[in-house]
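Just below is one structure, and these are the notes that go with it.
The values are calculated or read from the model by the stated rules, or taken from the named source; none is laboratory data. What you are looking at is a predicted structure, and each value in this text was computed from that prediction instead of being measured. Every residue, glycine among them, receives a Cβ derived from its backbone with ideal geometry; neighbour counts consider all protein chains shown.
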Amino acid sequence: MRMVIPIKQILDPAGITVRRDKERIFINREEYIIDPGSKAALEAALRLKEERDQAETIAISLGPARTDDALREALAMGCDAAYLLSDPAFEEADLSVATLILAAAVRKLGGADLILVGRQSGDTGAGQIGPRLAEALGYAQVTDVYALAVENGAARTTRRWGKGYATVQVQLPAVVTVAPEAFPPRYPHGARIMNAYREWNVPVWGCADLNLEPSSLTPLLTFRGESFPPPLEPERFRGNPTTVAQEVITALTLHKLINPGGGSHGL
Amino acid sequence: MDFSFPKEYQLFRRMVREFCESEVKPLAKVIDREHRVPHETIRKAAKLGLMGVPFPQKYGGMGGGEIGYCILMEELGRVCTSTTTVIGAHTGIGAMAIYLDGTEEQKQKYLVPLAQGTAIGAFGLTEAQAGSDAAAIKTTAVRDGNHYVLNGTKIFITNGDIADIITIMAVTDPSLGAYGGITAFIVETDTPGFSIGSLENKMGIRGSSTAECVLQDVRVPKENVLGQFGAGFLTFMKALDVGRASLGAGCLGGAEAALEASIQWARAREQFGVPIATKQAVHFMIADMAAEIEALRALVYRTAWLIDTGQPHILEASACKLFGSEVAHRCINRALQIHGALGYSRDYWIELGWRDQRITEIYEGTNEIQRIVIAANLFRPYGMRIPT
Amino acid sequence: MDFRLSEDQLMFKKMFADFCTNEVRPRGEQIDQTEQPPVDLLQKAVDQGFWAALVPEEMDGAGLDTYTYMLMLEELARADLSTALILSVHNSLVVKPLLDHGTDDQKDRYLEALAFGQMLGAFALTEPAAGSDGGALQTTAMPDGEDYLLKGTKIWVSNGELAGLFLVFARAPEGITAFLVERDTPGLKVGYREKTLGLRGVPCNTLYFDLARVPQANRLGREGHGLKIAQQALDLSRLGIAAIALGGSERALEEAVKFSIEHIQFGTPIAQKQAIYDYIADAKAQIEALRCLITYAAWLADSQQNFGQYASIAKLFGSRTAYQVTHKMLQVHGGYGYMKEYAIERYYRDCRALEIIEGTSQIQQFLIARDVYQAEGLKIRP
């Protein structure tokens, strides 16, 4: 069984301060990490691999040269191979172009039985790369998966369904997007960390390797600038403690900071 | 000159930090209160290769060298000195002695399980009247056929009661003294005659055990002589040298944590209507902390680099231990002062850090001994031997 | 100039030393390990006059002058720091203010109980938002008929759960005011006991005042005079902390000297090593300097001169000395010093508190500098 895990590298949110009043993002510490969703996808793949004798896990990532670090971390976690998709022509990639490139990489790998990605990324959070990739490759897809097993050429998945869960079975090949809270990632083994940089390679594939014409990579979206929501005004609650507590709960719920109805779906 | 860490070390540090924050830190106060070794942490650390960081992969190690090992110690030192001590005594001196002086067979038999963390190591040197004065040890080893018979009592042995394998120093020829008369032995702790006496009740590092190890007619096969017969003194001096560098790294971590906590508390605590972070008394304390920490970091990693590249490092390693433990002490002591009554309270971790830190000025050779080692190294080129 | 002790002072010193050596010293380890105040020991101390140290002889107290009182605290601290602090708080921070500012009625009602062991005193000034900054108190005292209603929270109240009478500072209409509050006053709750690094025999509690009713007759001094009363009490108490620091340092030195003679390394007692005897010499020098400082400050107090600045100087220097001396004396013990069976381990933790309690060293530095600049006509702010 071949599993391909397209991963994304993002700026570590712990090193960023967003100042709404100044309409600026301050980067206190420019450090890049594997997106938590991608890490969960890696974890899901590695668990499946551990359950069987014949399985390979391949991480791929689209990005500039620094993305090499994310792929080596994937190798350290346990992946068998990793490929960096990098080319000057990829720099402006939007979702549609990224889908094209990733699909081309999967084809070059000879297709996949299972493609695992995170439910949504920690920076742009569109949640689209999974479904788009399934569409581009003609694979089945299941999103927001909490539990995953593969048997007899089919993936048995458990996903959120309203306030409960549903079991969905799909024939391979398939794309599965995973819920990060269900697959807390493992720590890489120290020796694999050393080997990831000292012993193993991460090949770089560009346009030519993937048989892509730079002209076909025109993004549909262009970045025009950023806007910030207005700064939050502090709100003061007065009155007897019981009423105030209820008002605070309501306010926090409206701001989606808590979910008193239960469950953490979407967070 | 390039002071940046290679990328594998950067990734390793990130992994270790996450591990420490989620697995080690939450237990720090618990193991202090319950006065117990964090076996669960050791098991988890072993799975990640953290019980054998400096050793080559062919011996079951991680292949991180001294630099990697110092990163581990620094990160552990930030969150829990007890755990630092357990892993440090196991790796830095227990297994290290076998790595430095063991035969290939000894390494395969003992270093591999130690490095993989399936066995725990310890280092048995100190006795009631022989700590800093290693030559005064009384434990004896007498040849009997293919075995040596060991008798004596070791005290203050970190990990003594949880260890599977202990390196024991014993007198093999009283007439020859330290150089020639002392031999190192690898002792399996399930050998008949090996037993644990009392466990010490300590001020700090209460999450690491400090045991009295009693050897009564313990029969050790002659293959378990570690290093050259009669050269035990050199074996353990070499191991201690390496251990002292990493001990400095643990102190570095402790000092960093003290500084970070002080910055946060000084921002939050208001007196006289303003945060105490606006007070020069506080500025001076945290500025001194930061300056000393930067100096210590440079010293520790330069020493680690000397060790990894096979260069002489005895003076530097002693300096790491001496300077590191005193920097750590000053930093946590200032942090306690900045935190005031909160710092003195057992509800917060500063007092734990303060108690834990205190041992670093004492163990693995008191700071007074480090000063003697450094001075001896400075006078030696002039042909002068310092009497101890 | 005469540094000799008078016959009275000598007699008291011997009496204190006997009691402390025979009764208190053997209990130090247990007090620390069980974290329980030595209640029976404190009761025994009543007969020796420890509770009535500052009460005049004509009221059947010991009538000690300041210097002899310092000798008492020093001897106590040599035996056990927790016991010393409990009695220091009681005498300096409760009995003394009552003697100085109490009405005859207040003395009639409380002095005997305080002096003869029925009531231990405690001092409630610190609040969550006002530690070193006494002016920021938030506890209020609202007049209500013949009474005041106290509302607020006090933290780090030494002797808390052991005390029968609290000297409480609260904000009344005219300013901060001192009140004598009995333990069983409705509305007063003795809460959480702190768990501390050292001084584990001193119960240190949070007090909650929820409209605690205190009669006007229990107001100590005039409304608005609270901070002045607190300041005066703290002057004596800070000098007392210096005496405790002296006793603690002396004990640490004593333990280290004993150990360095007994412990053999490299074939000789470690006392023969320069590294060790240098530590001992430095400790001894610091201790004797501290003793002179306390003697001088106590002489100022006993000759009715202002000794506030010297109390701060003695507290700053004394607590620093105690910390440095215990640190080095522990170092002399090597690994043994880290073990709880050696007294130095406890003294090191106990003495560390002295740089924090009753005004941190940083506050003492400010107070000293303030006085220095005041003499030059410049007002500095904290």
| message | Here is a list: C:Ala115, C:Ala141, C:Ala124, C:Ala178. Which entry is within 18 Å of the chain's Cα centre (by Cα) and more than 28 Å from B:Asp347 (Cβ to Cβ)? | response | C:Ala115
| message | Step by step: first the residues of the range B:370-388, then only those that are in contact (Cβ under 8 Å) with a residue 60 or more places away in the chain and more than 9 Å from every other protein chain (Cβ to nearest Cβ), then the one that is nearest to B:Ala89 (Cα to Cα). Which residue is that? | response | B:Gln370
| Can you tell which of C:Ala298, C:Ala353 is facing another protein chain (nearest Cβ under 9 Å), in contact (Cβ under 8 Å) with a residue 60 or more places away in the chain and crowded, with 22+ Cβ neighbours inside 10 Å? | C:Ala353
| field | Filter result for the condition that a residue is in contact with a Lys or Arg (Cβ under 6 Å, 6 or more places away or on another chain), among the aliphatic types (A, V, I, L, M) and either surrounded by fewer than 17 Cβ atoms within 10 Å (Cβ to Cβ) or not in a loop (DSSP other than H, G, I, E, B) (or both), over B:Ala245, B:Ala257 | value | B:Ala257
| request: Assess whether C:Gln324 counts as being more than 10 Å from chain B (Cβ to nearest Cβ) and outside any helix (DSSP H, G or I). | output: no
| remark: Checking B:Ala328, B:Ala291, B:Ala268 in turn, the sole residue that is farther than 30 Å from B:Leu240 by Cβ and either surrounded by fewer than 23 Cβ atoms within 10 Å (Cβ to Cβ) or out of contact with any Asp or Glu (no Cβ under 8 Å at 6 or more places or on another chain) (or both) turns out to be B:Ala268
| task | Quickly run through the range A:106-133 and pick out the residues that are surrounded by fewer than 22 Cβ atoms within 10 Å (Cβ to Cβ) and of a type in the set (A, V, I, L, M). | result | A:Leu109, A:Ala126
| Every pair of residues 6+ apart whose Cβ atoms lie under 9 Å, when the first sits in the range C:257-275 and is at positive phi and within 11 Å of chain B (Cβ to nearest Cβ) while the second is crowded, with 18+ Cβ neighbours inside 10 Å and of a type in the set (D, E, K, R) | C:Phe266/B:Asp133; C:Phe266/C:Lys273; C:Gly267/B:Asp133
| query | Does the range B:183-194 include one or more residues that are touching a Gly at 6+ places or on another chain (Cβ under 7 Å) and within 14 Å of chain C (Cβ to nearest Cβ)? | reply | no
| said: Taking the condition of being among the acidic types (Asp, Glu) and more than 19 Å from A:Thr67 (Cα to Cα), how many residues in the range A:189-228 meet it? | reply: 2
| task | Mind telling me which of the residues A:Leu172, A:Leu137 ends up being touching a Leu at 6+ places or on another chain (Cβ under 8 Å) and in the same structural domain as A:Ala59 (by TED's automatic domain parsing)? | result | A:Leu172
| request: State whether one or more residues within the range B:112-128 are of a type outside the set (A, V, I, L, M), assigned to a helix (DSSP H, G or I) and either without any contact (Cβ under 8 Å) to a residue 60 or more places away in the chain or more than 14 Å from chain A (Cβ to nearest Cβ) (or both). | output: yes
| field | the range B:200-215 residues that are at the interface with another protein chain (Cβ under 7 Å from one of its Cβ atoms), paired with ones that are part of a strand (DSSP E or B) and surrounded by fewer than 22 Cβ atoms within 10 Å (Cβ to Cβ) (beta carbon under 7 Å, 6 or more apart) | value | B:Glu200/C:Met339; B:Asn201/C:Met339; B:Lys202/C:Met339
| Here are some residues: C:Gly135, C:Gly117. Which one is under 20 Å from C:Ile31 (Cα atoms), among the small types (Gly, Ala, Ser) and surrounded by fewer than 22 Cβ atoms within 10 Å (Cβ to Cβ)? | C:Gly117
| Does any residue of the range B:146-163 turn out to be over 16 Å from B:Thr189 (Cα atoms) and assigned to a helix (DSSP H, G or I)? | no
| request: Go through the residues of the range B:108-119 one by one and say whether even a single one is at positive phi and under 18 Å from the mean Cα position of the chain (by Cα). | output: yes
| Single residue of A:Ala136, A:Ala140 found to be over 30 Å from B:Lys47 (Cβ atoms), surrounded by fewer than 19 Cβ atoms within 10 Å (Cβ to Cβ) and in contact with a Ser or Thr (Cβ under 6 Å, 6 or more places away or on another chain) | A:Ala136
| Restricting attention to the range B:297-320, which residues are touching a residue at least 12 places away in the same chain (Cβ under 8 Å) and either part of a loop (DSSP other than H, G, I, E, B) or within 14 Å of chain C (Cβ to nearest Cβ) (or both)? | B:His313
| query | Just one of B:Leu259, B:Leu247 is closer than 30 Å to B:Ile374 by Cα and touching a Gly at 6+ places or on another chain (Cβ under 7 Å); which is it? | reply | B:Leu247
| query | If we scan the range B:355-368, do we find a residue that is aliphatic (A, V, I, L, M) and within 13 Å of another protein chain (Cβ to nearest Cβ)? | reply | yes
| remark: For C:Leu85, the lone unmet condition from (1) within 14 Å of another protein chain (Cβ to nearest Cβ); (2) in a strand (DSSP E or B) is (2)
| What number of residues within the range B:221-242 satisfy the criterion of being of a type in the set (A, V, I, L, M) and part of a helix (DSSP H, G or I)? | 5
| task | For the range B:338-353, enumerate the residues that are more than 7 Å from chain C (Cβ to nearest Cβ) and either part of a loop (DSSP other than H, G, I, E, B) or in contact with a Ser or Thr (Cβ under 6 Å, 6 or more places away or on another chain) (or both). | result | B:Ile338, B:Tyr348, B:Trp349
| Under 8 Å by Cβ, and 6 or more places apart or on different chains, what pairs join a residue from the range C:327-348 that is more than 10 Å from every other protein chain (Cβ to nearest Cβ) with one that is of a type in the set (Val, Ile, Thr)? | C:Met329/C:Ile344; C:Tyr347/C:Thr326
| Scanning the range C:357-382 for residues that are at the interface with chain B (Cβ under 10 Å from one of its Cβ atoms) and either touching a residue at least 60 places away in the same chain (Cβ under 8 Å) or touching a His at 6+ places or on another chain (Cβ under 9 Å) (or both), which turns out surrounded by the fewest Cβ atoms within 10 Å (Cβ to Cβ)? | C:Pro382
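Residue-wise test of (1) assigned by TED's automatic domain parsing to the domain that holds C:Leu293; (2) farther than 24 Å from B:Gly343 by Cα.
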{"position": "C:Phe317", "(1), (2)": "yes, no"}
{"position": "C:Tyr323", "(1), (2)": "yes, no"}
{"position": "C:His333", "(1), (2)": "yes, yes"}
{"position": "C:Glu345", "(1), (2)": "yes, no"}
{"position": "C:Asp350", "(1), (2)": "yes, no"}
{"position": "C:Glu358", "(1), (2)": "yes, no"}
{"position": "C:Lys379", "(1), (2)": "no, yes"}
| Can you name the condition, by its number, that C:Asp80 falls short on among (1) closer than 18 Å to C:Tyr342 by Cα; (2) in contact with a Leu (Cβ under 8 Å, 6 or more places away or on another chain); (3) of a type outside the set (A, V, I, L, M)? | (2)
| query | Here are some conditions: (1) buried (at least 22 other Cβ atoms within 10 Å of the Cβ); (2) of a type outside the set (D, E, K, R); (3) away from chain C (no Cβ under 14 Å). B:Ile263 meets all but one. Which one does it not meet? | reply | (1)
